[in-house]
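Visitor: What follows is a single structure, and I will ask about it in a moment.
The values are calculated or read from the model by the stated rules, or taken from the named source; none is laboratory data. Quantities reported herein were computed from a predicted structural model and do not represent experimental measurements. Here the Cβ is made from the backbone with ideal geometry for all residues, glycine too, and neighbour counts use every protein chain on show. For accessibility, only protein heavy atoms count, side chains too; no ligands or nucleic acids. Shrake-Rupley method; radii C 1.70, N 1.55, O 1.52, S 1.80 Å.
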Amino acid sequence: MTGTLRDHLDLVRAPAVLSVVGDTLAGAAAAGHRVTPRRALLPLASACLYAGGMALNDYADRDLDAVERPERPIPSGRVTEQRALQVAVGLTAAGVGLAAAGGGARALAVAVPLAASVWTYDTVAKEHAAGPVVMAACRGLDVLMGAGVGRLRAALPAAAGLAVHTAGVTLVSRGEVHGTTSSLATGVAAATAVGGVVVGAGALRRGRASAGDGPGVATAVAGLAAAGAFVATALPRQVDAAITPSAGNAFAATKAGIRAMVPLQAAWAARGGSLVSVAALAGVEVAGRLLRRAGRRPGRAEMSET
């Protein structure tokens, strides 16, 4: 049994895959790269690496999921163990190949350690204290893949911003089954607030530096709006988890944190001066909402994002 298309989309967390495509756009904007048809392959590389990691995650967690999440594709029998591993290997290879095609050797030099980090997290680090750090490194490397070797320094602030948020989401996600703690959720909420202020202030500084430049001012305004959307998406659910650290609130905070990735990427792309990337990410946000709505049809289980 290999499963239907919907089963495979559930395996790779299709709605959440959209949360990663803006990483390379943010990194490219920070590094001063223009959006070209060739470089448009880099977001696809990110999507493949992320989706492959999700398939590998379910393969690695198949025994635990049989107890805690029996509805997932492998324990429910909708996708076989072998098929999940094949999907993980195939998508990882496709991601590395697309990175080379889209960004050449400079992007490939980052894609290889990124792929290695994804596999390390899923197979070794996830259940250990270093797990959130490794996951954060995956997100940071994904941003740096958009910049490429030789321009990494310029993209480090954006990579750090996405990495810190990812670490927070990963920490909270550990409480999806048994609950989190108020102190942890409070710390993650504080990091979200600070992260929003930092990237928003960066967009405002860009606007001041571009006084009299119409596109520059528009990009700065878009960055402020995106930073506000990031905080508005993630912070309320994190505050709920801080007040009542139940499993349900931890799950809601995790899902909100994943969805907040896109506006955060847009804010960093705007800070880098790429209005084109901001517009593209606005389209990604719309696509994500439509995909989630399609997954909530009556009589059909909603596809997982976590």
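Visitor: Need one number: the % of Cα-Cα pairs in region 190-277 sitting beyond the 21 Å mark.
Guide: 34
Visitor: Moving on to the next point. Please give the helix 182-209 orientation as an angle from the longest Cα principal axis of the chain, in degrees from 0 to 90, rounded to the nearest 10.
Guide: It works out to around 30 degrees.
Visitor: Can you compute 3J(HN,Hα) from phi for each residue in region 149-160, using the Karplus curve 6.51 cos²θ - 1.76 cosθ + 1.60 with θ = phi - 60°, rounded to whole Hz and x for Gly and Pro?
Guide: Whole-Hz 3J(HN,Hα) from phi for region 149-160: 4, x, 10, 5, 4, 5, 8, 4, x, 5, 4, 5.
Visitor: Rounded to a whole number, what % of the accessible area of region 96-215 do carbon and sulfur atoms account for, probe 1.4 Å?
Guide: So the carbon and sulfur contribution to the accessible surface is 69 percent.
Visitor: Here's a follow-up. Test of understanding: extend the Cα→C-beta vector of GLU71 to 7 Å, then name every residue of region 237-267 with backbone N under 18 Å from that spot.
Guide: 247-256
Visitor: Compute, for region 1-125, the length of the dipole vector about the Cα centre, with Cβ point charges of +1 (Lys, Arg) and -1 (Asp, Glu) only. Units Debye, rounded to 20.
Guide: Roughly 660 debye for region 1-125.
Visitor: Here's another thing I want to ask about it. Got a number for carbon plus sulfur as a percent of region 1-94's accessible area, 1.4 Å probe?
Guide: Solvent-exposed carbon and sulfur of region 1-94 make up 62 percent of the total.
Visitor: Please compute the modelled spin-label separation between THR4 and ARG38, points set 7 Å along Cα→Cβ, answer in nm with one decimal.
Guide: Going from the ARG38 label point to the THR4 one covers 4.2 nm.
Visitor: Calculate the all-directions average of the projected area of region 13-128's alpha-carbon convex hull, and give it in nm².
Guide: If you wrap the Cα atoms of region 13-128 in a convex hull and average its projections, you get 7.6 nm².
Visitor: For the chain, give the magnitude of the charge dipole about the Cα centre (Cβ charges: +1 Lys/Arg, -1 Asp/Glu; no others), in debye to the nearest 20.
Guide: In debye, rounded to 20, the chain gives about 940.
Visitor: Also, I was wondering about something else. Given the options ALA116, TYR50, GLY95, identify the residue whose Cα lies farthest towards the positive end of the charge dipole of region 1-144 (+1 on Cβ of Lys, Arg; -1 on Cβ of Asp, Glu).
Guide: Towards the positive end, the residue furthest out is GLY95.
Visitor: Per residue of region 279-292, what does 6.51 cos²θ - 1.76 cosθ + 1.60 with θ = phi - 60° give for ³J(HN,Hα)? Whole Hz please, x for Gly and Pro, Karplus curve as stated.
Guide: Computed from phi, the couplings for region 279-292 are 5, 4, 6, 4, x, 4, 4, 4, 4, x, 5, 5, 5, 5 Hz.
Visitor: What per residue convex hull volume, in Å³, do the alpha-carbon atoms of the chain yield?
Guide: In the chain, the Cα hull volume divided by residue count equals 119 Å³.
Visitor: Moving on to the next point. Please compute the length gained on full extension between THR186 and ILE243, using 0.36 nm multiplied by the number of residues separating them and subtracting their Cα-Cα distance.
Guide: 19.7 nm
Visitor: Counting pairs of alpha carbon atoms under 8 Å apart in space and at least six apart in sequence, what relative contact order in percent does the chain give?
Guide: Across the chain, relative contact order equals 22 percent.
Visitor: Kindly express, to the nearest 10 degrees and within the range 0 to 90, the angle between helix 261-271's C-alpha long axis and the longest C-alpha principal axis of the chain.
Guide: For helix 261-271, the angle is close to 20 degrees.
Visitor: What is the gain in length, in nm to one decimal, between ARG205 and ALA287 on full extension, counting 0.36 nm per residue of separation less the C-alpha to C-alpha distance?
Guide: Stretched out fully, the ARG205 to ALA287 stretch lengthens by 26.5 nm.
Visitor: Whole number in Å², please: accessible area per residue of the chain, 1.4 Å probe, ligands, DNA and RNA not counted.
Guide: 43
Visitor: Short version: ³J(HN,Hα) in whole Hz for each residue of region 106-121, in order, from phi by Karplus 6.51 cos²θ - 1.76 cosθ + 1.60 (θ = phi - 60°), x for Gly and Pro, what are they?
Guide: Each residue of region 106-121 in turn: 5, 7, 4, 5, 9, 5, 5, x, 5, 4, 4, 5, 4, 5, 5, 4 Hz.
Visitor: Under a point spin-label approximation (7 Å from Cα along Cα-to-Cβ), what is the VAL124-THR80 distance to one decimal in nm?
Guide: 3.0
Visitor: Working from Cα positions, state the angle (0 to 90°, nearest 10) between the long axis of helix 214-243 and the longest principal axis of the chain.
Guide: On a 0 to 90 degree scale, this one is about 40.
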